[in-house]
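Undergrad: Can you read through this structure? Questions will come right after.
The values are calculated or read from the model by the stated rules, or taken from the named source; none is laboratory data. Fair warning: this is a prediction, and the values are worked out from it, not measured in the lab. For neighbour counting, all protein chains shown are included, and Cβ atoms are generated from backbone atoms with ideal geometry for every residue, glycine included.
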Amino acid sequence: MTQCEFASNHKVTPLMRKIARNEGVSAKIIAKLIAEGKIVILNNNQKEIRNPCAVGKGLRTKINANIGTSSDCIEIKDELEKLEVSIKYGADAVMDLSVAGDLQKIRKKIIDNSSVPVGTVPVYESAVIASLRKGTFLNMTKEDIFDVLEAQARQGVDFFTIHAGINIASLKVLKRSKRILDIVSRGGAILACWMNYHKKENPYYEYFDQILDIAYRYDITLSLGDALRPGSVCDATDEAQIYELKILAQLAERARKKKVSVIIEGPGHVPLHQIPKNIILQKKICKGIPFYVLGPLVTDIGMPYDHISAAIGGAIAASYGADFLCYVTPAEHLRHPTLEDVKDGVIASRIAAHAADLAKGVKSAWRKDKKISLYRKKRDWAKQIAFCVDPKKAFSYRSLFKLADSKVCTMCGKYCSIKLFEDYCR
């Protein structure tokens, strides 16, 4: 049975209790919201994760970090270091997006070394295998697609991004649109090209029930990918994006009836003023199903600071109800991310999620801010640093300059506002 099925039968599992303890929420509330499809737990039933992750209503905003090889960077060791850094700085889940090297070996290493859930985009591996064995990803078959899904499920993948919303109908809507950037989703582009070449329906859409069968057996969460997400703020909230969202809502309802956990993926590039509308629309159309957003990036001019553009958008999106933020690194649109890029991306996303949790009234977030504020009032630098998002960097900044009075910093020195008030106004 899946966690969704247990919850629907009013049974609270040990995994639900563990999540409840971590979140500071009643286990019965967790079970109730799982049954309603408003919370999911990312955890393949083939294994036990040290730090399982629940995503959804009333919980902390979670963040995901993408790692994995590219055609130019295929060193497993580098990706394992990125995994370690991602978790160290606050990623609640990671996705292996590898497209080069021994994909099964890379994925196994990542799963074996991860204390958090691991997700994938299975169509990547299907396309790579078809290219290697048959000369081009266009020769990919339905059997290739489902062989990969089954193999990844057995290996222990916790959540799949499935681009099932791009079908013949939604592709027609896209083709008649006036978008600047047609498709910026790699998985979406692979499937659109395959559909156009073969003049056939997307196998993920056509055979969605078979995907549900696999997800049910392994209790894998389906993350329904937005192949038609906007890749420019000029394209945001257009007909193609909303048309696909409605398809994803229908597929999500089918998943829920099969007792399969599901989340919906969202944009993308969205200007500030359209973010609330996007979140409210998704929650309405998809009946409160958890929303997983890439950024969203609030401007297209941000590179190589797209992690900042995404953090701005992510904070707003999550404050309006988005549940899961996919990080963006400074390398977005430019190159394969380095270890430092991954660290910067995770930290920016972590700050965005925490800021949103304050707006949502998450008690644990408010406790953290109150603690650091009290330490700041006392000018207890060691404890301030210990509670911040990057203690190592904060310590290096603090240690760079020395003052006679160790209770102040070099910005204000003897004119430290906190010290002045303490000395002369108390």
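Undergrad: What residue, among those in the stretch 415-426 that are loosely packed, with under 11 Cβ neighbours inside 10 Å and farther than 17 Å from Y375 by Cβ, is nearest to the chain's Cα centre (by Cα)?
TA: Y415
Undergrad: Look at S115 and say whether it is at pLDDT 95 or above, farther than 29 Å from R254 by Cβ and in contact with a Lys or Arg (Cβ under 7 Å, 6 or more places away or on another chain).
TA: yes
Undergrad: Does S406 fit the bill of being outside the structural domain of L294 (by TED's automatic domain parsing), of a type in the set (S, T, N, Q) and either more than 30 Å from G58 (Cβ to Cβ) or in contact (Cβ under 8 Å) with a residue 12 or more places away in the chain (or both)?
TA: Details: outside the structural domain of L294 (by TED's automatic domain parsing): yes; of a type in the set (S, T, N, Q): yes; either more than 30 Å from G58 (Cβ to Cβ) or in contact (Cβ under 8 Å) with a residue 12 or more places away in the chain (or both): yes.
Yes.
Undergrad: Looking at the stretch 11-21, is at least one residue outside the structural domain of T329 (by TED's automatic domain parsing) and within 28 Å of E125 (Cβ to Cβ)?
TA: Yes: the stretch 11-21 contains one or more residues that are outside the structural domain of T329 (by TED's automatic domain parsing) and within 28 Å of E125 (Cβ to Cβ).
Undergrad: Can you tell me which residue in the stretch 25-44 is nearest to G321 (Cα to Cα), limited to those that are in contact with a helix residue (DSSP H, G or I) (Cβ under 6 Å, 6 or more places away or on another chain) and touching a residue at least 24 places away in the same chain (Cβ under 8 Å)?
TA: Filtering the stretch 25-44 for residues that are in contact with a helix residue (DSSP H, G or I) (Cβ under 6 Å, 6 or more places away or on another chain) and touching a residue at least 24 places away in the same chain (Cβ under 8 Å), the one nearest to G321 (Cα to Cα) comes out as I39.
Undergrad: Does any residue of the stretch 237-260 turn out to be of a type in the set (A, V, I, L, M), under 19 Å from K175 (Cβ atoms) and without any contact (Cβ under 8 Å) to a residue 60 or more places away in the chain?
TA: Yes, some residue in the stretch 237-260 is of a type in the set (A, V, I, L, M), under 19 Å from K175 (Cβ atoms) and without any contact (Cβ under 8 Å) to a residue 60 or more places away in the chain.
Undergrad: Within the stretch 150-169, identify whether any single residue is crowded, with 20+ Cβ neighbours inside 10 Å, assigned by TED's automatic domain parsing to the domain that holds A227, among the hydrophobic types (A, V, I, L, M, F, W, C) and without any contact (Cβ under 8 Å) to a residue 40 or more places away in the chain, and answer yes or no.
TA: No: the stretch 150-169 contains no residue that is crowded, with 20+ Cβ neighbours inside 10 Å, assigned by TED's automatic domain parsing to the domain that holds A227, among the hydrophobic types (A, V, I, L, M, F, W, C) and without any contact (Cβ under 8 Å) to a residue 40 or more places away in the chain.
Undergrad: Identify, from the list S319, S399, the residue that is out of contact with any Pro (no Cβ under 6 Å at 6 or more places or on another chain) and closer than 24 Å to G37 by Cα.
TA: Numbers: S399 fails: closer than 24 Å to G37 by Cα.
S319 is the lone residue from the list that is out of contact with any Pro (no Cβ under 6 Å at 6 or more places or on another chain) and closer than 24 Å to G37 by Cα.
Undergrad: I'm checking my understanding of the structure. Among residues of the stretch 345-399 that are among the hydroxyl-bearing types (S, T, Y) and over 23 Å from P276 (Cα atoms), which one is surrounded by the most Cβ atoms within 10 Å (Cβ to Cβ)? If you could, list the steps in order and put the result at the bottom.
TA: Initially, the stretch 345-399 is screened for residues among the hydroxyl-bearing types (S, T, Y), giving 349, 364, 373, 375, 396-397, 399.
Narrowing further to those that are over 23 Å from P276 (Cα atoms): 364, 373, 375, 396-397, 399.
Working: S364: 12, S373: 11, Y375: 18, S396: 11, Y397: 13, S399: 10.
Result: Y375.
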